[in-house]
Amino acid sequence: MLKQILHKLCSIAMTLLLLLSTVSFTVEKHFCGDVLIDVAVFTDLEKCASDNIESKHEEIKFMHCCKDTLETLQGQKELTVKTFDDLELDQQLFLASYLYSYTGLFQVLEKQTNPHRDYNPPKLIADIHVLDQVFLI
């Protein structure tokens with residue numbers, strides 16, 4: 001029971017490790033001056049009020065004190081997959097001999113026949129051991 005639980009936990013941990021190492025995402029940060037206003041990973045940023053104001057007069061110019069920064073966490077682009085040919089000769093020999101000896105451990109058993117399969121024992125009318133009072137001690 002404990003072995004099965006540990007096996008499942010290790011499988012889940014390895015799956016999450018593979019998933020997190022290959023996923024890349026971007027974190028957007030919006031600063032107004034030196035104050036952090038909003039952080040977004042999968043949604044749009046919330047802007048300052050001065051960014052949303054549309055001026056009717058083009059003469060009025062706002063001094064932008066707000067800035068957006070992007071931080072990108074890059075995952076692996078390619079995973080290396082090794083084949084049997086990439087191994088050195090001694091490694092190939094070891095692997096081949098290990099697999100050959102491992103498969104030799106298991107033998108297929110022949111189907112055993114049961115000669116008494118169709119035999120029906122006689123029906124017991126009375127328990128003979130009790131009637132004769134013969135008991136194994």
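Observations, loosely collected:
- When region 99-137 is limited to residues that are assigned to a loop (DSSP other than H, G, I, E, B), of a type in the set (A, V, I, L, M) and closer than 30 Å to residue 84 by Cβ, the one that is modelled with the highest pLDDT turns out to be 105.
- Contacts under 9 angstrom Cβ, first residue in region 35-51 being under 22 Å from residue 74 (Cβ atoms), partner basic (Lys, Arg) and modelled with pLDDT of 80 or more, 6 or more apart: 39/29; 40/29; 45/29
- Of all residues making up region 13-34, the number that are surrounded by 11 or more Cβ atoms within 10 Å (Cβ to Cβ), free of Cβ contacts under 8 Å to residues at least 12 places away in the same chain and under 12 Å from residue 67 (Cα atoms): 0
- Members of region 48-89 that are modelled with pLDDT of 80 or more, surrounded by 10 or more Cβ atoms within 10 Å (Cβ to Cβ) and either in a helix (DSSP H, G or I) or acidic (Asp, Glu) (or both): 68, 71, 86
The values are calculated or read from the model by the stated rules, or taken from the named source; none is laboratory data. Quick caveat: nothing in here was measured; it's all calculated off a predicted structure. Cβ atoms come from the backbone with ideal geometry, glycine included; neighbour counts cover every protein chain shown.
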